[in-house]
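Participant: Just passing along the structure, written as structure tokens.
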Amino acid sequence: MSEHSLTVSSTEADLKNVAFTTRLEDFINWGRKNSLWPLPFGTACCAIEYMATVGSHYDVSRFGAEVVRFSPRQADCLLVLGTVVEKMGPVLKQVYDQMLEPKWVIAVGVCASSGGFYRAYHVMQGIDNIIPVDVYVPGCPPTPEGIIFGMLKLQEKITKGGIVRARDRYKIAR
Amino acid sequence: MQETDTKLLASALPNLPAEIQTAILAVEEFKGETTITIRKENLRTVIQFLKTDPNFRFDVMMDLFAMDYLKYNSPQPERFAVVYYLVSLFQTRRVRIKVFVSEDELVVDSIHDLYKAANWFEREAWDLYGIVFNGHPNLVRILCHNEFVGHPLRKDYPSDQYQRLKSAVPSEGL
């Protein structure tokens, strides 16, 4: 920057060209919602649909959520894609617990949301029995558009939600 | 081709050793598939023979599962049956071995030492039907969780009876 520009007296109009004001909370949420790092917990056909969602045709990176991580410690959006049996429950819970705050969960497909058509001896009747869920995506399996819509809904939720602190989330979860 | 193959097996029967012949209760041919029902006591002898005899050489165990004939539409000798699918790569032929097991004595000899693949299949049959495999090194549940009570694929198990897992710790081992 030259010396000249520093000496120019800045009016309010000039300031609008170089800066804008916002609330810190909104600014943080804007960053969070546009850089979701998903962790796919894929157990069934919904995971195949998610592959299409990440692929170039549907391209979830348009919404900033393409950095798929396979370690819960590097992700903030847990996607449960498929049937979760009762025996798998503690594993899912452990994966969720290992994720750092802030974190969100999308239950993709009817199996993860409610057990789907499995009303038998083995399938958990919705993962919300063990972990809090932010967005439910219906479908068996949902289309890639459906999964993207779920992600957009989650972005909406993050925008509106304010900064939810860890202790509050646990209060909600219990 | 298929037809002559199965006839070959049927024609081989009279030439079998006496101990094998007495073990055989019935031989059925249906659409090119051979089913041999044998006595429970001679299971290991017959399978060992089929595996090692140079004319047969059934060297692969494709499948092992149990059946529950409780509500079957035609009467069967016993309530349960264990079925073995053997494949001979040498003959390019398959055979189905069937053993009936009574409800009062739900025990069959394990063949895990003849076919390593049988190990987990026998655990599965025990888990889902409650059939005990005598001599199995690790006969514990494989699919249902550790707190599960009963055997869910039995026909008298209510199809919608769901059992929650109380433990929050993932199961140890396989």
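Read-outs: derived from the displayed coordinates by stated rules, not from any lab. These figures come from a predicted structure and were not determined experimentally. Note that each Cβ is placed from the backbone with ideal geometry, even for glycine, and that neighbours are counted across all protein chains shown.
Participant: Between the DSSP loop rule and a limit of at most 15 other Cβ atoms within 10 Å, which GluC sites (Glu not before Pro) in the range B:86-169 are left?
Facilitator: B:Glu103, B:Glu105, B:Glu147
Participant: Mind telling me which of B:Ala26, B:Ala81, B:Ala18 comes out most flexible in a GNM of chain B, alpha-carbon contacts under 10 Å?
Facilitator: The residue with the greatest mean-square fluctuation here is B:Ala18.
Participant: Towards the positive end of the charge dipole of the range A:38-173, with charges on Cβ (+1 Lys, Arg; -1 Asp, Glu), say which of A:Pro132, A:Pro142, A:Val110 has the farthest Cα.
Facilitator: Of the listed residues, the answer is A:Pro132.
Participant: Take the residue pairs B:Lys71/B:Lys98; B:Lys40/B:Lys155; A:Lys87/B:Lys31 and return only those whose Cα atoms are more than 29 Å apart.
Facilitator: Violating the 29 Å limit, Cα to Cα: A:Lys87/B:Lys31.
Participant: Ordered by residue, what ³J(HN,Hα) values in Hz, to whole numbers, does the range B:54-68 give under the Karplus form 6.51 cos²θ - 1.76 cosθ + 1.60, where θ = phi - 60° and Gly and Pro are x?
Facilitator: x, 7, 9, 6, 7, 8, 10, 9, 6, 7, 8, 8, 10, 10, 10
Participant: If the reach is capped at under 27 angstrom between alpha carbons, list the lysines near A:Lys93, excluding any in the same chain fewer than eight residues apart.
Facilitator: A:Lys33, A:Lys103, A:Lys153, A:Lys157, A:Lys160, A:Lys171, B:Lys166
Participant: How much length would be gained if the chain were fully extended between B:Leu25 and B:Leu143, taking 0.36 nm per residue of separation minus their Cα-Cα distance, in nm to one decimal?
Facilitator: Details: separation 118, 0.36 × 118 = 42.48 nm, distance 3.27 nm.
Contour length minus Cα-Cα distance gives 39.2 nm.
Participant: Rounded to the nearest 0.05, what FRET efficiency is calculated for A:Val67 and B:Asp113 with R0 set to 45 Å and r the Cβ-Cβ distance?
Facilitator: The value I calculate is 0.35.
Participant: Sort the range B:56-174 into rounded, prolate or oblate with this rule: let a ≥ b ≥ c be the square roots of the eigenvalues of the Cα gyration tensor; rounded if a/c is under 1.5, and if a/c is not under 1.5, prolate when a/b is larger than b/c, oblate otherwise.
Facilitator: oblate
Participant: Additional query: Which of B:Lys116, B:Lys51, B:Lys40 ends up with the largest GNM mean-square fluctuation for chain B, with Cα atoms connected below 10 Å?
Facilitator: Evaluated over chain B, the most mobile residue of the options is B:Lys116.
Participant: Among rounded, prolate and oblate, which fits the range B:2-134 when a ≥ b ≥ c are the square roots of the eigenvalues of its C-alpha gyration tensor, a/c under 1.5 means rounded, and a/b larger than b/c means prolate? Could you put the intermediate results ahead of the total?
Facilitator: Details: a/c = 1.68, a/b = 1.38, b/c = 1.22.
Judged from the Cα gyration tensor, the range B:2-134 comes out prolate (a/c at least 1.5, a/b above b/c).
Participant: I'd like the Karplus ³J(HN,Hα) series for the range B:24-31: coefficients 6.51, -1.76, 1.60, θ = phi - 60°, whole numbers in Hz, and an x wherever there's a Gly or Pro.
Facilitator: Coupling constants for the range B:24-31: 7, 8, 7, 10, 10, 10, 9, 6 Hz.
Participant: Compute log10 of I(q)/I(0) for the protein assembly as shown with the Debye formula, placing one identical point scatterer on every Cα and leaving out solvent, at q = 0.08 Å⁻¹, to two decimals.
Facilitator: Reported log10 I(q)/I(0), two decimals: -0.60.
Participant: Find the centroid of the Cα atoms in the range B:157-171 and in the range B:75-140, then give the distance between the two in whole Å.
Facilitator: 26
Participant: From the phi angles alone, apply the Karplus equation (6.51, -1.76, 1.60; θ = phi - 60°) to the range B:100-107 and give each ³J(HN,Hα) in whole Hz, x where the residue is Gly or Pro.
Facilitator: Here the 3J(HN,Hα) series is 8, 10, 7, 5, 6, 10, 7, 10 Hz.
Participant: Continuing with this model, one more query. Need one number: nm distance between label points at B:Asp160 and B:Glu103, each 7 Å from Cα along Cα→Cβ, rounded to one decimal.
Facilitator: Placing both labels 7 Å beyond Cα along the Cβ direction yields 2.5 nm.
Participant: Go ahead and collect, in residue order, the members of the range B:23-47 whose backbone nitrogen is under 14 Å from a label point 7 Å along the Cα-Cβ direction of B:Val60.
Facilitator: What the label zone holds, given the 14 Å backbone N cut-off, is no residue at all.
Participant: Let me ask something else. How high is the relative contact order of chain B? Use alpha-carbon pairs under 8 Å, at least six apart in sequence, and give a whole percent.
Facilitator: Details: 275 pairs, mean separation 27.7, N = 174.
That works out to 16 percent.
Participant: Now for a different question. Where a ≥ b ≥ c are the square roots of the eigenvalues of the C-alpha gyration tensor, would you call the range A:67-139 rounded, which needs a/c under 1.5, or, failing that, prolate if a/b is larger than b/c, or oblate?
Facilitator: It is prolate, given that a/c is not under 1.5 and a/b is the larger ratio.
Participant: For chain B, modelled as a Gaussian network with Cα springs under 10 Å, which listed residue fluctuates most, B:Val149, B:Val27, B:Val82?
Facilitator: B:Val149
Participant: When Lys and Arg each count +1 and Asp and Glu each count -1, what net charge do the other residues less than 13 Å away from A:Gly115, Cβ to Cβ, add up to?
Facilitator: Residues close to A:Gly115 contribute a combined charge of -1.
Participant: List the residues whose amide H sits under 5 Å from the amide H of B:Leu25, counting only those 5 or more places along or on another chain, with H placed 1.01 Å from N in the peptide plane.
Facilitator: Here B:Thr37, B:Ile38, B:Arg39 satisfy the definition.
Participant: Would you mind calculating the relative contact order of chain A from Cα pairs under 8 angstrom and at least 6 residues apart, reporting the percent as a whole number? Write out the running numbers ahead of the final one.
Facilitator: Details: 276 pairs, mean separation 38.6, N = 174.
Relative CO of chain A lands at 22 percent.
Participant: What trypsin sites (Lys or Arg not before Pro) does the range A:31-128 have in DSSP loop regions with at most 16 other beta carbons within 10 Å? Can you show the working numbers first?
Facilitator: Values: sites: A:Arg32, A:Lys33, A:Arg62, A:Arg69, A:Arg73, A:Lys87, A:Lys93, A:Lys103, A:Arg119; in loops: A:Arg69, A:Lys103, A:Arg119.
Sites meeting the loop and neighbour criteria: A:Arg69, A:Arg119.
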